[in-house]
Structure formats: structure tokens, C-alpha cells
Amino acid sequence: MKKLCLALALLVLTGTIATVSAAPGWKPDKTIELVAPANPGGGWDMLCRVVQKSLMDEKLVDKTVIVVNKPGGSGSVGWSYLEGKKGQGEYLAATSTLLMFNNLLGLSELTYKNFTPIAMLQCEWEAIAVKADSPYKTLKDLMQAMKNNPSSVAVGIGPSLGNDDHITILKVGDTFGIDPAKIKFMVYPGAGGEIIPALLGGHIQATVIGLAEVLEQHKAGKMRILGVSSPERLSFLSDVPTFTEQGISVVFPHWRGIIGAPGLSADQVAYWDDVFAKMVQTKTWKDQIANLGWTNFYQNSADHTKYLGEQTVVFNKLLTAVGLKK
């Protein structure tokens, strides 16, 4: 008996009992899929590829990470694919406000409640851009042309109307008294991957889009960014004024995040919370988002789920205010 008691005491002191009794947590046991619900080249695709590189280069996961593009339906095709992977923690998808907008506008039955919110990761600012040789040198020039002759200025939007890009141009246009019903929108389901070639090819005269999708073209002298939706001029884009500097009281951050399949367990959520909390602190992640002009904007699963609920209420009011929702 004394020997048994001594043995138990040693186990307690060394912590062996705690180690033996601790249940192992979940971790992926097959290839991890990051679903970009649009064509290559757009914001969701860029986010997935930045996440892929960060996870693998920093060895934060044991399995291979692949990016799968599933365009269509303003994101709904990719998100519907994810919905079919119930309980499988190896399947994740990029998301943004469009998941909420689609539902609020009656374009999709899917909401954040159909999935397991995993994380908000970054935000960027909206940019209004034209081709470098465009006659429009300022936002005022562009808005005046849209007001005087709406049919002469085709504005590229993607992957659908009713998203952050669309709302941004409506709010900017309202400052100049532009009738939203008369704006000539050209919708590109492939988002940035289609919009950029269309603008450079002269098929559209302007676009409102996530800054990262036009930043390199602007730096290369192929496009001209007329304004950004940040509250202050960006240090890495010091030649471009904000909307507010041009008398337009619009400040609009565009965020993106990650959702998981429906029905994920607490262990699966905890695994991804740990992985993404570490990822956003890595040099690989920080360097990539800095190059893209993105801002680190991390929320874990619990915080992001709460945020999505609150923002659904906010966006319902906003869509009504700009006349998109009755």
C-alpha cells in the first residue's frame, strides 16, 4: 500500500496523471481545402492564397493546403459547396459582407448561420479607379461625367451588385446628386480577375473595387486610382487622396474572413482559433498583407460570430437607406 501511495504521489508531482487523462484535440487528417468562391485574381482568391502560403510556409498545419476556385452566383456556388461538407473541419471558404448582402437582398437563402464562422482576417479600403490615360483626373471629374451623361461611363462591379463596392459608389454618387438608377453598371461575376482586363481594354471606364486588386496596376502606371475610402491618406499610396479629402464624407472598410462547414465541433473550432491566432502574428502573413495594402483585422470564431449578427442588422438598415432594399 505504501508503495502504491508513493507511486501515485510521484505521478501527481510529475504531472503524468494529467497527461494521461487529457483528451487529444481535433486536427485535420486530410488535405485542407480553401474555397475561393470566385475566379482567380479577385479578393477572395487573393485572401485564400495569402492564407495558404502563410499556413504552409510557417508550418502551422501538418497537411497540404490547396485553393479551390468555385465561381458563380455571387459567391453562392462556392458557399453551397462548403455547406455540403457538414462536420468536416478540413473545408474552409473565404467570405465577406457579400454573404450577408446576398441574403438581405433576397438573392440567396444562405446566411452566416448556415456555416461555422472561423475568423475575420483582414480589411482593406475601397478604391475608385480608371485607366491611366482616362480623361478623368479626379473623382469630381468622374462623378460630373456620370451625372451629365450616365450612358458614357460604364462602371465595373463584381461579382454582383449589392456588395461593398456597389454601395460605395452609390454613397459617393449621392454626394454629387447622381440618380443611382441611371448609373451604368457592368457586372463581372469573376470580380477583379475580369474587371481589371475590362478596364485596361477600354470596355468599361471606371471601377470601384478593393484596393489590393488595383494597387499594382496603379503603381505600374497602367491605372489611376482617383480616391480611397480610408479615413486618412495611406502612407504607401501618398499620391492618392481619400474620399473625405475630396469633400465626400464616405469612410468604408471592406473586410474578408474565413468560414467553416456547418456543424463543426468545439474541438475543430478551437483548432482553427489557435492556428489563425498564430498565423496573423507571423512574418509571412504580415509581409504579404503589407504588400497588398491590407490591414490586419483579426477576430476569433466567437467574436466574429457576434460581429456578423450585429452587422446583419446594420447592413439591413444601410441597404434600405441606399434604396436597394424596400
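Computed quantities for the displayed model
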{"quantity": "Strands (runs of 3 or more DSSP E) wholly inside the range 209-326 containing at least 1 residues that are out of contact with any Phe, Trp or Tyr (no Cβ under 8 Å at 6 or more places or on another chain) and either hydrophobic (A, V, I, L, M, F, W, C) or more than 29 Å from GLY193 (Cα to Cα) (or both)", "calculated": "223-228"}
{"quantity": "The range 211-235 residues that are in contact (Cβ under 8 Å) with a residue 40 or more places away in the chain and more than 14 Å from GLY293 (Cα to Cα), paired with ones that are of a type in the set (Lys, Arg) and buried (at least 16 other Cβ atoms within 10 Å of the Cβ) (beta carbon under 8 Å, 6 or more apart)", "calculated": "LYS222/LYS131; MET223/LYS131; ARG224/LYS131"}
{"quantity": "Leading residue by the ranking (surrounded by the fewest Cβ atoms within 10 Å (Cβ to Cβ)) among those in the range 119-148 that are assigned to a loop (DSSP other than H, G, I, E, B) and among the polar types (S, T, N, Q)", "calculated": "THR138"}
{"quantity": "Failed item in (1) surrounded by fewer than 22 Cβ atoms within 10 Å (Cβ to Cβ); (2) in contact (Cβ under 8 Å) with a residue 40 or more places away in the chain; (3) within 30 Å of ILE167 (Cβ to Cβ), with ARG49 passing the rest", "calculated": "(2)"}
{"quantity": "Cross-chain or 6+ apart pairs with Cβ under 9 Å, the range 88-112 first and free of Cβ contacts under 8 Å to residues at least 24 places away in the same chain and over 18 Å from GLU310 (Cβ atoms), then surrounded by fewer than 24 Cβ atoms within 10 Å (Cβ to Cβ) and charged (D, E, K, R)", "calculated": "GLY106/LYS325"}
{"quantity": "Filter result (closer than 21 Å to TRP272 by Cα, crowded, with 20+ Cβ neighbours inside 10 Å and among the polar types (S, T, N, Q)) within the range 75-96", "calculated": "THR95, SER96"}
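Each value in this text was obtained by applying a stated rule to the coordinates, not by laboratory testing. Just so it is clear, the model here is predicted, and its values are computed rather than measured. Note that we place each Cβ from the backbone using ideal geometry, even for glycine, and neighbour counts take in every protein chain shown.
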